[in-house]
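Contents: one structure, followed by commentary.
The values are calculated or read from the model by the stated rules, or taken from the named source; none is laboratory data. Just so you know, these numbers come straight off a predicted model, no measurement behind them. With ideal geometry, Cβ positions are generated from the backbone for all residues, glycine too; neighbour counts draw on all protein chains shown.
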Amino acid sequence: MDDFNESMELHPAIRGLKTVCRCNNIKHRTIERAIRDGARTIAAIATKTTATTGLCGGSCTPDVQRMLTEHGCFLSATAPQQNADAWWVRKQ
């Protein structure tokens, strides 16, 4: 079981204290707050929290994307797609 699925089974207060972005020490609750405050894309989360912008190249990006999806932030066909060459997108 990966860290994200494991954290979903935790009590919300404990889950909020889990670190999502290790490079910048960004907690689950910080990203949730950014989503509630209007951040609806990886770029917006990066701007508000610095999550996904660490020296690791954004290894937490999939977890942040799952959080966005969990909160109903889906990319629709009419929504602008993220730039695959942007600095906050993890290169594989």
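Okay, residues lined up against (1) at pLDDT below 90; (2) loosely packed, with under 12 Cβ neighbours inside 10 Å; (3) part of a loop (DSSP other than H, G, I, E, B):
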{"residue": "16", "(1), (2), (3)": "yes, no, no"}
{"residue": "30", "(1), (2), (3)": "no, no, no"}
{"residue": "34", "(1), (2), (3)": "no, no, no"}
{"residue": "40", "(1), (2), (3)": "no, no, yes"}
{"residue": "44", "(1), (2), (3)": "no, no, no"}
{"residue": "47", "(1), (2), (3)": "no, no, no"}
{"residue": "54", "(1), (2), (3)": "yes, no, yes"}
{"residue": "75", "(1), (2), (3)": "yes, no, yes"}
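Identify, from the list 26, 14, the residue that is in contact (Cβ under 8 Å) with a residue 24 or more places away in the chain and more than 19 Å from residue 72 (Cβ to Cβ). Break it down stepwise before answering.
Numbers: 14 fails: in contact (Cβ under 8 Å) with a residue 24 or more places away in the chain.
Answer to the selection: 26.
Restricting attention to the range 33-74, which residues are of a type in the set (Val, Ile, Thr), over 23 Å from residue 13 (Cα atoms) and in contact (Cβ under 8 Å) with a residue 12 or more places away in the chain?
Here is the first cut: in the range 33-74, the residues of a type in the set (Val, Ile, Thr) are 35, 41-42, 45, 47, 49-50, 52-53, 61, 64, 69.
Narrowing the set further to residues that are over 23 Å from residue 13 (Cα atoms) leaves 41-42, 47, 53.
Within the range 33-74, 41, 42, 53 meet the criteria.
Go through the range 41-58 and give me each residue that's over 10 Å from residue 24 (Cβ atoms) and in contact with a helix residue (DSSP H, G or I) (Cβ under 7 Å, 6 or more places away or on another chain).
Those that are over 10 Å from residue 24 (Cβ atoms) and in contact with a helix residue (DSSP H, G or I) (Cβ under 7 Å, 6 or more places away or on another chain): 42, 45, 48.
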